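Have a look at the structure below before the remarks.
We did not get these values from a lab; they are worked out from the coordinates using the rules stated. What you see is a predicted model, and the numbers here were worked out from it, not measured in a lab. In this analysis, Cβ positions are derived from the backbone assuming ideal geometry, glycine residues included, and neighbour counts consider all displayed protein chains.
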């Protein structure tokens, strides 16, 4: 039996651990937190800090571990690359590429070189009052090297801008930030797979967000596939992006790119992730096309090859005619008393996976971050009408009750959009 070391044990990494277990692999899952969620599914849970290269390499030698893989934590990518390099183990990227795609500002510079549209930003020499007056409000301020909506502020006044700058710097390891135009258009995410230097567009979705919480990033409530902007994106932007990846030397792995739709209906990139996505769209891609990012990355870690089939030939960003949704109900911060409805939702045929983030009794913190996602439901349906029906049913039976006896759920995704905006 082959042994796989997985770095990080947050709830979003459970899917990797479970997939490796299904593949008959002995899973070692490491995290500094002895109670980290994904450890409960590991064959061998390890209490080593996932950034401690020396101890992890010692574990690899002692246990004769065959491969290493990072979960979904972007902060662990440097450790992943370093260990693979030191131990001569397969790695889908390298330190240079991981550094590039973590840095939002550097990524946008590369996009401009290849005429790939990006969200406009403001370039300042410093953060003096004189410089800040050059910024046209409203704007979004974010660290260049953070993820999961951490350190992000939406600023409508110059006082908020100053506070947002301090907040972003406090979340940035490099002490760098980016100030972007506040986009009011719809959000989309594009997903690419790479196999031996060939890039393939495998999915594109529309990201719907909750707008109840002031002054923080809007958090996702639903991702709808395929995007209503897919045809336009393929026609105008896809080939430019593939040329960019080829020039950068991206060989293997998977990437998601968060984007906005501008006033002309075009896609503007603002942030990439060269890793498995916490949104876990791979469940939906696998169900509709047979391309399972989790399985591909596990294969590469252990065998040096992602798949025995050609990913480009299987890629179908239109999901072969199916409609899909990743539904992510949001809750207010606080302590969870009771979670209702999961057993009934599990019986729905089109719900292909349910991934909870919390148990009853857990405390939800992280206001304005993805920690407010209480659960993720993955749904694949034959058409948009059936998809709407399933989402409505989930909303009817699912609830999260707080200590005060009231619902902790924030506003739901408006399912009527599936009928009015999709064809």
- Query: How high is the relative contact order of the chain, given as a whole-number percent (alpha carbon pairs under 8 Å, six or more residues apart)?
  - Reply: 14 percent
- Query: How large is the helix-only mean residue ellipticity at 222 nm for the chain, computed as the sum of -39500 (n - 2.57) over DSSP H runs with n ≥ 4, divided by its residue count, in deg cm²/dmol to the nearest 500?
  - Reply: -8500 deg cm²/dmol
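If each residue of separation counts as 0.36 nm, what is the full-extension length gain between residue 127 and residue 85 once their alpha-carbon separation is subtracted?
Stretched out fully, the residue 127 to residue 85 stretch lengthens by 11.2 nm.
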- At what distance in nm do the modelled label points of residue 209 and residue 169 sit from each other, each positioned 7 Å from its Cα along Cα→Cβ? 2.4 nm
- Item | Evaluated at q = 0.11, 0.13, 0.16, 0.19 Å⁻¹: base-10 log I(q)/I(0), Debye formula over Cα of the stretch 113-214 | -0.43, -0.59, -0.83, -1.05
- Query: What are the radius of gyration and Dmax of the chain, computed over its Cα atoms and given in Å?
  - Reply: 21.0, 63
- Message: Taking 25 Å as R0, compute the FRET efficiency from the Cβ-Cβ separation of residue 338 and residue 414 and round it to 0.05.
- Response: 0.45
- Item | Point-to-point label distance, residue 395-residue 22, nm (Cα→Cβ direction, 7 Å offset) | 2.9 nm
- Sorted on mean Cβ neighbours within 10 Å (highest first), peptides 296-305, 237-246, 335-344 come out as 296-305, 237-246, 335-344
- Item | Modelled label reach - residue 313, point 7 Å along Cα→Cβ, the stretch 278-295 residues with backbone N closer than 19 Å | 286, 288-293
- Listed residues 411, 134, 213; largest mean-square fluctuation, Gaussian network over the chain with Cα springs below 10 Å, found at 134
- Task: Enter the mean projected area of the convex hull around the alpha-carbon atoms of the stretch 3-89, in nm², rounded to one decimal.
- Result: 4.7 nm²
